[in-house]
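Visitor: One structure, pasted below without further comment.
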Amino acid sequence: MTDVPMDGMGRLTGAGVLPPMEDAQTTPQSPQHRSHRRSRNTPKRTSGRWQTLNAFVDNTMAELTPRQTKVWLVLFRDCSRDGVARTSQTWIAKRTGLCRPTVSTVISELAALGLVRIVHAGGLNRGFSKYEIRGLADR
């Protein structure tokens with residue numbers, strides 16, 4: 001049995017204090033560094049994938065069903081720098097816990113909303129499907 005420091009209640013001692021979020025060596029200490037921090041009112045400057053993800057979370061996700069959100073997130077995760085995901089519906093189904101016909105239906109729903117554009121419909125002897133991912137629904 002190992003010696004683990006515990007208090008009288010059977011709890012680990014020191015476990016009530018969380019470690020610091022940043023390494024002390026990388027945290028700016030001088031006032032001149034603090035002035036470079038972004039204020040709360042300054043919008044974040046994001047690019048590419050972060051803009052798409054932020055637009056999706058801030059403006060679109062609340063209007064979707066859980067299965068639509070799952071499929072969109074898997075497609076988003078799979079997309080490359082050009083914003084196109086190359087994956088099979090079977091593989092999406094395995095990762096979302098949905099059945100393949102449901103994934104097909106959901107992709108059609110996402111396409112109708114403007115969140116996904118079907119670039120190439122894959123299949124047997126046609127390779128993987130390709131989907132362009134968007135963060136905002138067409139309104």
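Visitor: Taking region 59-125, which trypsin sites (Lys or Arg not before Pro) meet the DSSP loop condition and have no more than 11 other C-beta atoms within 10 Å?
Guide: Here the trypsin sites (Lys or Arg not before Pro) that fit, given the DSSP loop and packing criteria, are Arg81.
Visitor: With a sphere of radius 12 Å drawn around the Cβ of Trp91, what net charge do the other residues whose Cβ falls strictly inside it have (Lys, Arg +1; Asp, Glu -1)?
Guide: Net local charge, Trp91 excluded: +4.
Visitor: What list of whole percents do you get for P(r) of region 80-139, with Cα-Cα distances grouped in 10 Å bins up to the one holding the largest distance?
Guide: Each 10 Å bin holds this share of Cα pairs: 23, 55, 21, 1.
Bear in mind that the values in this text are calculations on the coordinates, not laboratory data. None of these values were measured; they are calculated from a predicted model. All Cβ positions, even for glycine, are placed from backbone atoms using ideal geometry, and neighbour counts span all protein chains on display.
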